[in-house]
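Everything below concerns the one structure shown next.
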Amino acid sequence: MDLLQLAVDGTLTGLVYGLVALAFVVIFRASRIVNLAQGQLVLVGAYVMGTLLASLPLPAAIVLALAASILIGALIERLVFRPLIGQPIFSIVMASIGLLILLQGAVQLVWGAQTRPFAAVLPEGSWKLDALLVNKRLAIGAVITIAAVEALRIFFLKTRIGLRLAAVAEDHFVALSLGVSVQASTRIAWGAGAFLSTLAAMILLSGNVLGLQAGDIGLRALPVALLGGLESLRGAVLAGVIVGIGEAFAAHYLDPLTGGAMSQIFPFMLMIVVLLVRPQGLFGWKVIERL
């Protein structure tokens, strides 16, 4: 039963990691940018939502925070990354790192460095299934993640805008030759990525403490995105489950022997091993180029 309980806890946590990993995937599929500041988008979204929750009714605060996150994502694309279209990858990486530092500093400047309580948006406690305990907050988050990935799959495969995003993901110049606006597509992707980040912050921080360390959520989700493959929506969720279960077992069995270090480094160890064997990730697209 201990093994089963660890597996359940790890699966639920990993699925919520997968929600942040989806944000990496959506942005990468449209703009070919690995957003290293994804954790800071989680952080900004969390503070915006926390501020609104303190002064507005719960439904209004959630809706406004999610809408604000879409606007923030679109502004970042317009002001930071659109001017870098066609620039070397090194410039884009450095801009992403600069954005990480800028957002972290902006949050500290506006809200301060002190921690504060985050309202209980989702139910607290656990459901008891025989001898198993299922965390209500994480279970609801897992359902939201699964719904999000299926909605995104339908969006990319069945809608006109989604198909345009897929064309942009394949090749910017080909998309332009077909009359597809690369700028509009990347703006939509960045808005969606910020929306998913804020949604994940709401799930993970509900009823907990909000502080600058919330930005670490993005760092925990980066190995998930790379492990699953930066083009694969379902891969992000499956990789989240793998990382979550492995992290839970490492925390239970190995952390007492390593001073709590193994659960922290496990996702990155797994990511490195997989990328050495399969650089595109477990479920990513293998690109074959012909000259």
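Looking at residue 28, is it over 30 Å from residue 246 (Cβ atoms), modelled with pLDDT under 90 and of a type outside the set (Asp, Glu)? Can you show your working first?
Values: over 30 Å from residue 246 (Cβ atoms): no; modelled with pLDDT under 90: yes; of a type outside the set (Asp, Glu): yes.
Judged against the criteria, residue 28 is not a match.
Results for (1) in contact with a Cys (Cβ under 8 Å, 6 or more places away or on another chain); (2) of a type in the set (Gly, Ala, Ser); (3) more than 30 Å from residue 74 (Cβ to Cβ), shown as yes or no for each residue.
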{"residue": "201", "(1), (2), (3)": "no, yes, no"}
{"residue": "212", "(1), (2), (3)": "no, no, no"}
{"residue": "235", "(1), (2), (3)": "no, yes, no"}
{"residue": "245", "(1), (2), (3)": "no, no, yes"}
{"residue": "255", "(1), (2), (3)": "no, no, yes"}
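Can you tell me which of 290, 234 is in a loop (DSSP other than H, G, I, E, B), modelled with pLDDT under 90 and among the charged types (D, E, K, R)?
Working: 234 fails: in a loop (DSSP other than H, G, I, E, B).
Exactly one residue qualifies, and that residue is 290.
Yes or no, residue by residue, for (1) surrounded by 19 or more Cβ atoms within 10 Å (Cβ to Cβ); (2) touching a helix residue (DSSP H, G or I) at 6+ places or on another chain (Cβ under 9 Å); (3) not aromatic (Phe, Trp, Tyr):
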site	(1), (2), (3)
210	yes, yes, yes
215	yes, yes, yes
225	yes, yes, yes
232	yes, yes, yes
235	yes, yes, yes
238	yes, yes, yes
243	yes, yes, yes
252	no, yes, yes
280	no, no, yes
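Within region 44-60, is even one residue touching a Gly at 6+ places or on another chain (Cβ under 6 Å), small (Gly, Ala, Ser) and within 15 Å of residue 204 (Cα to Cα)?
Within region 44-60, the first condition is being touching a Gly at 6+ places or on another chain (Cβ under 6 Å), and the residues that meet it are none.
There is no residue in region 44-60 that is touching a Gly at 6+ places or on another chain (Cβ under 6 Å), small (Gly, Ala, Ser) and within 15 Å of residue 204 (Cα to Cα).
If you go through region 34-55, how many residues are surrounded by fewer than 24 Cβ atoms within 10 Å (Cβ to Cβ), of a type in the set (Val, Ile, Thr) and in a helix (DSSP H, G or I)?
Total satisfying the criteria: 2.
Looking at region 82-94, is at least one residue buried (at least 21 other Cβ atoms within 10 Å of the Cβ) and part of a helix (DSSP H, G or I)? Step through it out loud before you land on a result.
The first filter runs over region 82-94 and keeps only residues buried (at least 21 other Cβ atoms within 10 Å of the Cβ), leaving none.
No, every residue in region 82-94 fails to be buried (at least 21 other Cβ atoms within 10 Å of the Cβ) and part of a helix (DSSP H, G or I).
Report, ordered by the first and then the second residue, all pairs with beta carbons closer than 9 Å, sequence separation of six or more or different chains, a first member in region 1-29 that is touching a residue at least 12 places away in the same chain (Cβ under 8 Å) and part of a helix (DSSP H, G or I), and a second member that is surrounded by fewer than 24 Cβ atoms within 10 Å (Cβ to Cβ) and hydroxyl-bearing (Ser, Thr, Tyr).
So the pair list comes out as 6/253; 25/232.
Checking residue 127 against (1) in contact with a helix residue (DSSP H, G or I) (Cβ under 8 Å, 6 or more places away or on another chain); (2) free of Cβ contacts under 8 Å to residues at least 24 places away in the same chain; (3) assigned to a helix (DSSP H, G or I); (4) hydrophobic (A, V, I, L, M, F, W, C), only one condition comes out false. Which one?
The single condition residue 127 does not satisfy is (3).
The values are calculated or read from the model by the stated rules, or taken from the named source; none is laboratory data. Just so you know, these numbers come straight off a predicted model, no measurement behind them. Please note: Cβ atoms are built from the backbone with ideal geometry, for glycine as well, and neighbour counts cover all protein chains shown.
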